[in-house]
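The following block contains the structure, expressed as structure tokens.
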Amino acid sequence: MRVRTFYCWALAAPVLLPLLVGLPLVRLDLDPFQGIGQFLVGSLAVAGIPYVIFAGAFFVWSEDKTETQVRHAALAAPLLFAPFATVFWSGMAMFQGASAGGPMLMGLAMFVLIFGYFYVFLGLAAHHVLRRRLIPA
């Protein structure tokens, strides 16, 4: 696996993980697993559309960047994505004729930061483990 291919899969993780893991867990009748599935599916429902736009822009930006630059950008990505998602949610609320309250937007932004860094650290940990085995230098 090449470094670029790995980062493409890592960008897709916030969409794939809720679909492949979250949806089956929601269907289980075991409370702890159902709750985890609800959080995963909820993360996709809340931030899926703005994330796909953000991930596409990140992918295009990263084409001519070094691995170190991409890794540093990945560490900053949740901080960059939270305001982008907040503007998206505000726009959606205004489009629907509702007002997006500050506390609700702050809660959603915190949700994005928590899940964003979960996925970033998951990707960096996977990269660290796979680096010596599957990704050529």
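What follows draws every value from the coordinates through simple rules; no lab data is involved. It should be emphasised that the depicted structure is a prediction, and the values quoted were computed from it without experimental measurement. Every residue, glycine as well, gets a Cβ built from its backbone with ideal geometry; the counts of neighbours run over all protein chains shown.
How would you rank S90, S43, S62, going from fewest to most other Cβ atoms within 10 Å of each one's own Cβ?
If I rank by nearby Cβ atoms, fewest first, I get S90, S62, S43.
How many nm separate the modelled label positions at Q96 and C8, each set 7 Å beyond the Cα in the direction of the Cβ?
Rounded to a tenth, the inter-label distance reads 3.4 nm.
For segment 40-137, with equal point scatterers placed on the C-alpha atoms only and solvent neglected, what are the log10 I(q)/I(0) values from the Debye formula at q = 0.15, 0.18 1/Å, to two decimals?
For segment 40-137, the Cα-only Debye profile gives -0.67, -0.89.
Ok, one more. Return the FRET efficiency for the residue pair F84, V21: r is the Cβ-Cβ distance, R0 is 30 Å, and the value is rounded to the nearest 0.05.
That gives a FRET efficiency of 0.75.
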